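Okay, structure first, notes after.
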Amino acid sequence: MNPTKLMKGSALSALAAAMALTALPDEAEAQPREMQERIRAAQGDRSETRQQRRAQRQEARQRTRQNAAREFRRTQNGRRAGGRDRTETTGNNRVDFNEARAQRRAERRAERRDNRGDRRADRRDFRRDQRADRRDNRRDQRADRRDFRRDQRGERRADRREFRERNRTYRGDRNRTYVDRNRAERRAERRREARRDAYRAGRRDERRRDAREDRRIRRDAYRDGRRAERRRDRWEDRRIRRDAYRDGYREARRDQRRARYHDGRRWRHYDRWDHRRWRNNRRYNWYNHRYYNRDIFRLGRYYAPYRDYRYRRLSIGVRLGNLFFGSRYWINDPWRYRLPEVYGPYRWVRYYDDVLLVDIYSGEVVDVIYDFFW
């Protein structure tokens with residue numbers, strides 16, 4: 001079998017299989033009969049045209065083969081002839097044979113080119129047919145949807161029409177001989193109840209408004225009284241603090257020269273605080289006391305008086321702001337940590353994990369112990 005025919009036959013069979021798979025039975029039944037006939041006629045015309053072209057190419061190839069065989073026999077006959085003429089004839093025959101072979105190659109290339117053109121045309125026709133089928137299918141689906149909606153609208157209209165007819169028949173079949181004699185009395189009673197309810201609702205709303213107003217008056221009076229009382233308390237507190245500060249400052253200045261502290265051996269003046277002498281006293285050995293009482297020295301987190309403040313290592317002689325040695329930072333029981341008692345303006349103050357002895361009048365750091373707490 002010729003390879004060209006085999007290739008064409010396989011291409012046509014693949015084309016026919018693809019068309020058979022894409023064309024669904026339901027969609028083929030949905031297509032109009034005229035459209036199907038037109039498609040079949042177009043396919044038949046194309047197939048006849050292809051067959052005619054194939055037959056023409058086969059005839060041309062057959063003639064070419066016959067001419068080549070005839071030339072080959074002629075060359076063979078010339079070879080059998082002897083002498084000088086035979087050599088010349090053989091050379092001519094060889095030239096003719098090469099030309100025939102080149103012609104056959106050209107014909108094969110032309111045949112392959114024609115086959116490729118046929119395959120492209122087949123694929124193009126197949127795609128065109130598929131697009132036409134899809135357009136027809138979409139058109140049929142739109143028509144089906146329109147028909148379905150039209151049928152639904154018709155059914156709904158019929159249902160509404162039937163419902164109206166049924167209601168009309170019901171109204172016509174009702175008993176119109178019945179007369180309600182107490183209808184007017186009941187209507188009058190309903191009106192009286194409505195007026196009574198409206199009066200009650202109005203009185204209720206009025207009482208609610210009065211109650212809200214009374215509550216507002218009492219609240220405003222209470223607020224005004226509390227406001228005036230708070231103002232008086234604030235004035236009095238400021239006066240008391242001012243007087244207490246003045247009195248305390250005067251007393252501190254007055255007793256400044258008489259203030260003393262005990263370093264473990266004797267009483268000393270606070271102006272001459274010796275931060276070395278009390279450390280030599282074994283009574284205030286806070287280091288060993290911390291070793292055996294660790295929980296006492298674990299006070300928790302330290303909250304600085306300022307939000308963005310960070311720890312800075314302070315030394316003796318530094319002056320602090322009054323927020324750093326406020327009452328919340330005081331160590332009220334120094335002996336618990338084996339620290340000496342202080343009097344006068346001095347206070348033991350916690351600063352992060354350090355302990356500072358601060359003069360609360362001037363804010364000066366008099367003594368410091370680093371890493372005192374855990």
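Taking the condition surrounded by 18 or more Cβ atoms within 10 Å (Cβ to Cβ), touching a residue at least 24 places away in the same chain (Cβ under 8 Å) and not hydroxyl-bearing (Ser, Thr, Tyr), does Val355 pass? Show your work before the answer.
Working: surrounded by 18 or more Cβ atoms within 10 Å (Cβ to Cβ): yes; touching a residue at least 24 places away in the same chain (Cβ under 8 Å): yes; not hydroxyl-bearing (Ser, Thr, Tyr): yes.
In short, yes.
Could you count how many residues in the range 294-310 are open to solvent by 50 Å² or more (accessible area, probe 1.4 Å) and either over 42 Å from the mean Cα position of the chain (by Cα) or without any contact (Cβ under 8 Å) to a residue 12 or more places away in the chain (or both)? If you could, list the steps in order and put the result at the bottom.
To start, the set of residues in the range 294-310 that are open to solvent by 50 Å² or more (accessible area, probe 1.4 Å) comprises 294-295, 298-299, 301, 303, 306-308, 310.
Then keep just the ones that are either over 42 Å from the mean Cα position of the chain (by Cα) or without any contact (Cβ under 8 Å) to a residue 12 or more places away in the chain (or both); that gives 294-295, 298-299, 301, 303, 307-308, 310.
Looking only at that region, the number is 9.
Conditions tested, residue by residue: (1) among the basic types (Lys, Arg); (2) touching a residue at least 12 places away in the same chain (Cβ under 8 Å).
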| site | (1), (2) |
| --- | --- |
| Arg276 | yes, no |
| Arg283 | yes, yes |
| Trp286 | no, yes |
| Leu320 | no, yes |
| Tyr337 | no, yes |
| Asp359 | no, yes |
| Val365 | no, yes |
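Every residue in the range 198-247 that is open to solvent by less than 80 Å² (accessible area, probe 1.4 Å) and over 27 Å from Tyr361 (Cα atoms), please. First the steps, then the outcome.
Step one: of the range 198-247, the residues open to solvent by less than 80 Å² (accessible area, probe 1.4 Å) are 198, 201-202, 205, 210-211, 214, 220-221, 225, 228, 233, 237, 243-244.
Scanning the range 198-247 gives Ala198, Ala201, Gly202, Asp205, Asp210, Ala211, Asp214, Asp220, Ala221, Gly225, Ala228, Asp233.
Within the range 257-269, can one find any residue that is outside any strand (DSSP E or B), more than 16 Å from Tyr361 (Cβ to Cβ), at pLDDT 85 or above and not β-branched (Val, Ile, Thr)?
Of the range 257-269, the ones outside any strand (DSSP E or B) are 257-259, 263-266.
Next cut, more than 16 Å from Tyr361 (Cβ to Cβ) only: 263-266.
Subsequent filtering for residues that are at pLDDT 85 or above retains none.
No, every residue in the range 257-269 fails to be outside any strand (DSSP E or B), more than 16 Å from Tyr361 (Cβ to Cβ), at pLDDT 85 or above and not β-branched (Val, Ile, Thr).
For the list (1) modelled with pLDDT of 90 or more; (2) surrounded by 11 or more Cβ atoms within 10 Å (Cβ to Cβ), I need the number of the one condition that Arg138 fails.
(2)
The values are calculated or read from the model by the stated rules, or taken from the named source; none is laboratory data. Predicted model, so just to flag it, every value in this text is computed and none were measured. Heads up, the Cβs are rebuilt from the backbone with ideal geometry, glycines too, and the neighbour counts pull from every protein chain shown. All accessible areas refer to the heavy atoms of the entire protein, side chains included, with ligands and DNA or RNA removed. Shrake-Rupley method; radii C 1.70, N 1.55, O 1.52, S 1.80 Å.
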